Amino acid sequence: MKETLTNRQIAFILFGATIGYAVISLPKNIAEKAGTGGWLVILIGIFIIIVFGYIFVYLGNTFCNKTIVEYMPLLTGKFISYLIIIMIIIYEITACSLVTRLTSETIKLTMLLNTPVWALATLLLVVAFYTLTKDLRTLARISEIYGMIIIITGIAIFIAIFTQGELTNIKPLLEFSDIDYLGTLSVIVYSLVGIEILAVIPMNNKNKKLFKYISCMLLLIGVMYILSFESCISVMGVETIVHYEEALLATIRRIEIIELQFLKRLDGIFLISWLFGIYLTILIEAYIAIYLISKLVKGKKKNIILLIVLCLSLIICLTPPNIEITKILLQYAGYLGLFINTIVPF
């Protein structure tokens, strides 16, 4: 029997699949290429993703109670469908592993200085994969709870940061000299991908209004990205922010809000919220991979597949020699994710 979810639950799963590690470096990456006009890049990217989100929803509603594994062979033939499904599996496992590595590196540098990266990565993956022993509805409920925490905390922190900034730092709102706004999308690719989760969620007649929920959620993600970008450059300025890899965290640590002194460490609250987002990203990417593998290798127990994917993810996670190479690999993985999120729906 297919597991059906409500429109709200699917929208929050999409939120968890999209919001993750990249938000912490998003302001720096955009500021380098687009200056103060970076908000327009985010807006363009979100509207493009909404278009392809509609295609995934259309396919899901057309082939009721079927997922991409079941309806793609009807459209493209078995050979092409298997190639694309294997490509999706490779992307999900790789992205999940690299995000785990980068998160572990960030935690080690900011909070747990004496804890080895392998221990942090193992803990993150084991906790996420344990959750995957449960059903899809459990994942949906976790996404709803954590999603609300991330949205409320994130918007509150971004607005608080903005109150400490200078409006002159975000001007001009648009820059036209030697800036390729569409080309700048390449540096924030991984921040936008995630709608492929819609391909592995069964839909039926109860999901007729799903596209409205998906559109609103993607627009909310865009608003949060824009708030993050604008609040950071309002405090630090474009010329300064480009020198910080974890620009958002650096900005939070720079400000002092007297009214929030009782919280002492505002960056600690942000990191907790950010880790919720990371957890959801790892969880959902691993779920997609395990679901597709289980459909390809029929008759194999889910827990065996889960254990194999866990070991493989841990190996990929710990293979890159340093954080710089890991970031480059994640960027390339983002390009593969862009292909899956755009070309594959067509």
Self-check item: Those residues of region 6-19 which are open to solvent by 10 Å² or more (accessible area, probe 1.4 Å), more than 14 Å from the chain's Cα centre (by Cα) and not polar (S, T, N, Q), in sequence order
Solution: R8
Quiz prompt | First in region 120-137 and in a helix (DSSP H, G or I), second anywhere and buried (at least 19 other Cβ atoms within 10 Å of the Cβ) and of a type in the set (K, R), Cβ under 8 Å, 6 or more apart | solution = A121/R101
Exercise. Please find, among K66, K28, K78, K108, the residue that is at pLDDT 85 or above, basic (K, R), farther than 23 Å from I290 by Cβ and open to solvent by 10 Å² or more (accessible area, probe 1.4 Å).
Key: K108
Quiz item: Restricting attention to region 89-105, does a residue exist that is over 16 Å from F339 (Cα atoms) and assigned to a loop (DSSP other than H, G, I, E, B)?
Solution: no
Exercise. Report whether or not T133 is of a type outside the set (G, A, S) and under 21 Å from N303 (Cβ atoms).
Key: yes
Quiz item: Does any residue in region 59-83 that is on the phi < 0 side of the Ramachandran plot and without any contact (Cβ under 8 Å) to a residue 12 or more places away in the chain come within less than 6 Å, Cβ to Cβ, of a residue that is crowded, with 17+ Cβ neighbours inside 10 Å and small (G, A, S) six or more places away or on a different chain, and which pairs are these?
Solution: P73/S81
Self-check item: Where P116 falls short, out of the listed (1) in contact (Cβ under 8 Å) with a residue 12 or more places away in the chain; (2) within 30 Å of K327 (Cβ to Cβ); (3) of a type outside the set (A, V, I, L, M, F, W, C)
Solution: (1)
Quiz item: Tell me, which residue of region 31-63 that is of a type in the set (V, I, T) and over 19 Å from L219 (Cα atoms) is least open to solvent (accessible area, probe 1.4 Å)?
Solution: T36
Quiz item: Which one of the conditions (1) in a helix (DSSP H, G or I); (2) surrounded by fewer than 22 Cβ atoms within 10 Å (Cβ to Cβ) does S231 fail to meet, given that it meets all the rest?
Solution: (2)
Quiz prompt | Test for A22: is it within 26 Å of S273 (Cα to Cα), in contact (Cβ under 8 Å) with a residue 24 or more places away in the chain, within 21 Å of the chain's Cα centre (by Cα) and open to solvent by 10 Å² or more (accessible area, probe 1.4 Å) | solution = yes
Quiz prompt | Of the criteria (1) in contact with a helix residue (DSSP H, G or I) (Cβ under 7 Å, 6 or more places away or on another chain); (2) in a helix (DSSP H, G or I), which one F339 fails | solution = (1)
Self-check item: Single match in Y82, Y58 (criterion: assigned to a helix (DSSP H, G or I), of a type in the set (F, W, Y) and within 23 Å of the chain's Cα centre (by Cα))
Solution: Y58
Practice problem: Give I252, I241 a once-over and let me know the one that is β-branched (V, I, T) and either out of contact with any Lys or Arg (no Cβ under 7 Å at 6 or more places or on another chain) or at pLDDT below 80 (or both). | Solution: I252
Exercise. Return the total of residues in region 291-308 being assigned to a helix (DSSP H, G or I) and either at pLDDT below 90 or open to solvent by 30 Å² or more (accessible area, probe 1.4 Å) (or both).
Key: 12
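What are the residues in region 111-132 that are open to solvent by 60 Å² or more (accessible area, probe 1.4 Å) and within 30 Å of A11 (Cβ to Cβ), if any?
Residues satisfying the conditions are L123, V126, V127, Y130.
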Self-check item: So G334, is it at pLDDT below 85, open to solvent by 80 Å² or more (accessible area, probe 1.4 Å), out of contact with any Lys or Arg (no Cβ under 9 Å at 6 or more places or on another chain) and not polar (S, T, N, Q)
Solution: no
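Tally the residues that are farther than 18 Å from G277 by Cβ and in contact with a helix residue (DSSP H, G or I) (Cβ under 8 Å, 6 or more places away or on another chain), restricting the search to region 117-128.
Residues in region 117-128 being farther than 18 Å from G277 by Cβ and in contact with a helix residue (DSSP H, G or I) (Cβ under 8 Å, 6 or more places away or on another chain): 4 in total.
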Quiz prompt | Failed condition for Q164, given (1) outside any loop (DSSP other than H, G, I, E, B); (2) touching a residue at least 24 places away in the same chain (Cβ under 8 Å); (3) open to solvent by 70 Å² or more (accessible area, probe 1.4 Å) | solution = (1)
Quiz prompt | T100 surrounded by 21 or more Cβ atoms within 10 Å (Cβ to Cβ) and modelled with pLDDT of 90 or more | solution = yes
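The values are calculated or read from the model by the stated rules, or taken from the named source; none is laboratory data. Since this is a predicted model, take the numbers as computed values, not measurements. In this analysis, Cβ positions are derived from the backbone assuming ideal geometry, glycine residues included, and neighbour counts consider all displayed protein chains. Ligands, DNA and RNA are excluded from the accessible area calculation, which covers all protein heavy atoms including side chains. Shrake-Rupley method; radii C 1.70, N 1.55, O 1.52, S 1.80 Å.
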